[in-house]
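This report concerns only the one structure given below.
The values are calculated or read from the model by the stated rules, or taken from the named source; none is laboratory data. Just so we're clear, the structure is a prediction, and the values are computed from it rather than from any experiment. Neighbour counts run over all protein chains shown; Cβ positions are idealised from the backbone, glycine included.
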Amino acid sequence: MNTNPRNTVTQYQQLLESVSQEIIKELKRTKNRSTLLELQQMTKRLRDYSDKLDVWSRKKLGTLLYQLNKQNEQQWWKIGNEIARLTKQKLESPSVWEILQKHLEDNVRLIKSIPEQAAQRVEKLIYENVITGTMRSSALIPEIMKIGNITHNRAQLIARTETAKINSDLVKIRSENMGVYWYVWRTSEDARVRSSHDVMKDVLVKWDDPPSPEELDGLKSYGKYHAGMTFNCRCYAEPLIDIDDITFPHKVYRNGKIIMMRKIDFVNMDQQYRMVV
């Protein structure tokens, strides 16, 4: 079952792009407003814009979350006879809506933080260069314009990361509700896959035992997490519905290591798994 949310990433990027463009427009206005007072007024306008984003972002994010949730739900129903006994009530359990509400609040805060951080960067430039007397306010224009690029890049990072995290959380909670305790770590299988995630390609992972891909790859650890649940991650979790879909021996993450296991050893290792095979 493919639970990759790539289509929604584009829509989220477009949403954040509009925020970035508004900030860039405001920064460009500094070309004709280079006094210290006018620069300070600009930071106030950026903060006012952040406050106005609350209602707008809730409406936009609500639509995206609803769409992502419905797509995810439909993918589960396509499994067909394998989960025919599972009811729609489980797919729409209170735990699912709790996850969606949490991500809604988290992402509203992220969107509002974009212009706020831009304002903070402008203030820092003002303090370090104008107030301290090291640079005239008019000379700050090129430096201020660079903030637009930083804002744009951060917006793209948020869109990619948050969409994947929301989808992964939905897959996880629905898997647990249905008694599906394992998944296959899938990558995007292209040249952009980071080495630590390539290590996890096609590995069987249990939902209550997330790995640290970087640690497994001999790199600095970013902590333990599941597929799609870290920054810029394009991986996704494919729930293991039928053990016969796996060719054994197969790679399994267990006790902080990736080991090759036979089918009989895998089933005997986890008695819970027998509930879904």
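Overview of results
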{"quantity": "When residues of segment 224-233 are limited to those that are surrounded by 22 or more Cβ atoms within 10 Å (Cβ to Cβ) and not hydrophobic (A, V, I, L, M, F, W, C), the one nearest to the chain's Cα centre (by Cα)", "calculated": "GLY228"}
{"quantity": "Hey, TYR225 touching a residue at least 40 places away in the same chain (Cβ under 8 Å) and either touching a helix residue (DSSP H, G or I) at 6+ places or on another chain (Cβ under 9 Å) or within 30 Å of LEU157 (Cα to Cα) (or both) or not", "calculated": "no"}
{"quantity": "Single condition ARG29 does not satisfy, out of (1) without any contact (Cβ under 8 Å) to a residue 60 or more places away in the chain; (2) under 30 Å from ARG174 (Cα atoms)", "calculated": "(2)"}
{"quantity": "Residue within segment 152-171 that is more than 20 Å from MET261 (Cα to Cα) and free of Cβ contacts under 8 Å to residues at least 40 places away in the same chain present", "calculated": "yes"}
{"quantity": "One residue from GLY228, GLY218, GLY133, GLY223 being part of a loop (DSSP other than H, G, I, E, B) and modelled with pLDDT under 90", "calculated": "GLY133"}
{"quantity": "Boolean, LYS263 is surrounded by fewer than 18 Cβ atoms within 10 Å (Cβ to Cβ), at pLDDT 95 or above and among the charged types (D, E, K, R)", "calculated": "no"}
{"quantity": "Selection status of ALA237, part of a strand (DSSP E or B) and under 13 Å from MET200 (Cβ atoms)", "calculated": "yes"}
{"quantity": "Candidate set: segment 66-92, residues that are buried (at least 17 other Cβ atoms within 10 Å of the Cβ) and over 21 Å from ARG6 (Cβ atoms); chosen: the one modelled with the lowest pLDDT", "calculated": "LEU86"}
{"quantity": "Hey, GLU123 at pLDDT 85 or above and either in the same structural domain as LEU64 (by TED's automatic domain parsing) or surrounded by fewer than 19 Cβ atoms within 10 Å (Cβ to Cβ) (or both) or not", "calculated": "no"}
